[in-house]
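Colleague: Below: one structure in structure tokens.
The values are calculated or read from the model by the stated rules, or taken from the named source; none is laboratory data. Predicted model only: the values in this text are computed from it and were never measured. Glycine gets a Cβ as well: all are built from the backbone with ideal geometry, and neighbour counts include every protein chain shown. Surface areas here come from the heavy atoms of the whole protein model, side chains and all, with no ligands, DNA or RNA. Shrake-Rupley method; radii C 1.70, N 1.55, O 1.52, S 1.80 Å.
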Amino acid sequence: IRDNARTLAGLLGRTELWAVVKADGYGHGAADAARAALEGGATTLCVASVGEALLLRAALPDVRLLVLGPTLPEEVAQAREARLELTVPDERLPEGIPLHLKLDTGMGRWGSSEVHSVSGVVGLMTHFATADDDPGFAREQLQRFLEATDGYAGRFTRHAANSAAALTLPESRLDAARCGIALYGID
């Protein structure tokens, strides 16, 4: 994982490597995988849920942690106290916590169709549905994302690339790339 993170960080250049360590570090142990990714050059850790983030926060008290999945209203206070960053899909933005507004550019699963509000927002993101097997559609999604976020470039961290896009679509790397499966040796 450490070596793979070094390789990815080198490939990404000025784009930050954000290590996805969800599902217990894809079965490798979230804390161990996180430490190795950080040693290899990752700057931020990403997990699926507040519960995963709280477990990781106990092991790594000072690292930047982003929750990629939905957060229940009753989890917001815990997330705030643990200094987590949350992904939100629409204009209902919890206060006092760094937020990443997720735009649905074609995956059709979760996210907003446009940037509604930026109060508390530190990042703008999307997720590619098919970067590993349909780069043409990933490029369409990227174009939609860039058009929706162009006015915010430089103000917020923009992140779109997953592992497949980071490896094959250099134009998708933007400010940060969220790499998961590539950290574990799957290209």
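Colleague: Convert each backbone phi in the stretch 66-78 into a coupling constant with the Karplus relation 6.51 cos²θ - 1.76 cosθ + 1.60 (shift: θ = phi - 60°), then list the ³J(HN,Hα) values in order as whole Hz, x for Gly and Pro.
Modeller: Per residue, the Karplus-derived 3J(HN,Hα) values read 10, 8, 7, x, x, 10, 6, x, 6, 8, 4, 4, 4 Hz.
Colleague: Just read off the accessible area of E140 with the full protein assembly in place, 1.4 Å probe, to the nearest 10 Å².
Modeller: 100 Å²
Colleague: Relative to the Cα centre, what is the charge dipole magnitude of the chain, using +1 at the beta carbon of each Lys and Arg, -1 at the beta carbon of each Asp and Glu, and rounding to the nearest 20 debye? Working shown, then result.
Modeller: Details: 18 positive and 25 negative charges, 80 e Å.
Dipole size: approximately 380 debye.
Colleague: Roughly how many Å² of Y152 are accessible to a 1.4 Å probe, to the nearest 10?
Modeller: 50 Å²
Colleague: In terms of the Cα gyration tensor, with a ≥ b ≥ c the square roots of its eigenvalues, is the chain rounded because a/c is under 1.5, prolate because a/b exceeds b/c, or oblate?
Modeller: On the way: a/c = 1.67, a/b = 1.02, b/c = 1.63.
Note, shape of the chain comes out oblate.
Colleague: Below 8 Å between Cα atoms, with a sequence gap of 6+, how large is the relative contact order for the stretch 131-187 in percent? Could the numbers behind the result be given before it?
Modeller: On the way: 59 pairs, mean separation 17.6, N = 57.
For the stretch 131-187, the relative contact order is 31 percent.
Colleague: With θ set to phi - 60°, apply the Karplus curve 6.51 cos²θ - 1.76 cosθ + 1.60 along the stretch 157-174 and write out the HN-Hα couplings as whole Hz, x wherever there is a Gly or Pro.
Modeller: 6, 9, 9, 9, 5, 9, 4, 4, 5, 4, 7, 10, 10, x, 5, 8, 5, 6
Colleague: If I take every Cα pair under 8 Å that is 6 or more residues apart in the stretch 55-96, average their sequence separation and divide by the length, what percent do I get for the relative contact order?
Modeller: On the way: 28 pairs, mean separation 16.9, N = 42.
Contact order relative to length: 40 percent.
Colleague: With a cut-off of 8 Å between alpha carbons and a minimum separation of six or more residues, what is the relative contact order of the chain in percent? Numbers along the way, then the final one.
Modeller: Values: 377 pairs, mean separation 37.5, N = 187.
Worked out over the chain, it gives 20 percent.
Colleague: I need the shape label for the stretch 64-172. Rule: rounded when a/c is under 1.5, else prolate if a/b > b/c, else oblate, with a, b, c from the alpha carbon gyration tensor.
Modeller: Numbers: a/c = 2.00, a/b = 1.74, b/c = 1.15.
It comes out prolate by the Cα gyration axes.
Colleague: Another question, if that's okay. Can you sort T44, T71 by solvent-accessible area, 1.4 Å probe, largest first? Present the calculation step by step, with values, prior to reporting the outcome.
Modeller: Numbers: T44 0, T71 35 Å².
Descending order: T71, T44.
Colleague: Now a separate question. Tell me the mean residue ellipticity at 222 nm calculated for the chain from its helices only (DSSP H runs of n ≥ 4, each -39500 (n - 2.57), averaged over every residue, nearest 500). If you can, show how the numbers build up before the last one.
Modeller: Details: 7 runs with 63 residues, N = 187.
Calculated mean residue ellipticity at 222 nm is -9500 deg cm²/dmol.
Colleague: Given a 1.4 Å probe and heavy atoms of the protein chains only, how would you sort V115, V47, largest accessible area at the top? Before the final figure, lay out the partial values.
Modeller: On the way: V115 25, V47 0 Å².
Descending accessible area places them as V115, V47.
Colleague: Tell me, what is the 1.4 Å probe accessible area of V76, in Å² to the nearest 10?
Modeller: Here the residue's solvent-accessible area equals roughly 20 Å².
Colleague: Sticking with this one: Compare the Cα positions of L68, A58, G136 along the charge dipole of the chain (+1 at Cβ of Lys, Arg; -1 at Cβ of Asp, Glu; about the Cα centre) and return the one farthest towards the positive end.
Modeller: About the Cα centre, the residue reaching furthest to the positive side is A58.
Colleague: Taking amide H positions as placed in the peptide plane 1.01 Å from N, state which residues far from T105 in sequence (5 or more) or on other chains have amide H under 5 Å from it.
Modeller: Placed amide hydrogens put H127 under 5 Å from T105.
Colleague: For R64, R35, write out the residues from largest to smallest accessible area, computed with a 1.4 angstrom probe and no ligands counted.
Modeller: Details: R64 70, R35 90 Å².
Result of the area sort, largest leading: R35, R64.
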